[in-house]
Amino acid sequence: RAARGVRRMIPIRAATPDDMPACARIVHDWETCTGYIQGTPDVDTLTGYLAEAFPVRHMHVAGDPVEGYLSIDPSSNRIGAIYLARPGQGTGKRLMDLAKEGRDTLWLTVYAPNTRAQAFYRREGFTETARLDADRDGAPPMLRMDWTRSEVAR
């Protein structure tokens, strides 16, 4: 147990196919509680989507049991997902640092109403580069945000 005021360091490791149901549960629970995403697929369907993407993504999970995950499409440097069951613990920052390792650019999309995530991404050096229409029924508009490593950091 961590001392009062001290955050415990949640372990991060490469994901395995066995982690996909836990990742799907985190996505499902988050989408369900937002109030602005309609028609969230069930956990089994989401697990299938993640399992299908797994072979072509770089994925990492945080915690045991899994409390969050990061998914990157290495062919486009797109962050496809960064989800946390308990945000505000520093795990998102650690996952983002991992995403930036060995890359000079990254991009992602974020729901327009998700201002907390947008603030996090801005702190991480991302800037809004486009506003996008919803890509499925019941989903709100999205923003595209891009990050480029500064010359100083290279």
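Residues to consider are THR109, THR129; find the one that is open to solvent by less than 40 Å² (accessible area, probe 1.4 Å) and polar (S, T, N, Q).
THR109
Which condition number in (1) farther than 26 Å from ASP19 by Cα; (2) out of contact with any Asp or Glu (no Cβ under 6 Å at 6 or more places or on another chain) is the one that VAL56 fails? Among (1) farther than 26 Å from ASP19 by Cα; (2) out of contact with any Asp or Glu (no Cβ under 6 Å at 6 or more places or on another chain), the lone unmet condition for VAL56 is (1).
What's the total number of residues in segment 115-125 that are open to solvent by 30 Å² or more (accessible area, probe 1.4 Å) and either of a type outside the set (Ser, Thr, Tyr) or in contact with a Ser or Thr (Cβ under 6 Å, 6 or more places away or on another chain) (or both)? Here the count works out to 6. The set of residues in segment 58-98 that are of a type in the set (Ser, Thr, Tyr) and surrounded by 20 or more Cβ atoms within 10 Å (Cβ to Cβ) comprises TYR69, SER71, TYR83, THR91.
Could you count how many residues in segment 28-57 are surrounded by 15 or more Cβ atoms within 10 Å (Cβ to Cβ) and touching a strand residue (DSSP E or B) at 6+ places or on another chain (Cβ under 9 Å)? Selection size over segment 28-57: 6.
When every residue of segment 132-148 is checked against the conditions, none turns out to be open to solvent by 70 Å² or more (accessible area, probe 1.4 Å) and small (Gly, Ala, Ser).
The values are calculated or read from the model by the stated rules, or taken from the named source; none is laboratory data. Since this is a predicted model, take the numbers as computed values, not measurements. So basically every Cβ, Gly included, is an ideal-geometry build from the backbone, and we count neighbours across all protein chains shown. To get the accessible areas, we keep the full protein, side chains included, count just its heavy atoms, and leave off ligands, DNA and RNA. Shrake-Rupley method; radii C 1.70, N 1.55, O 1.52, S 1.80 Å.
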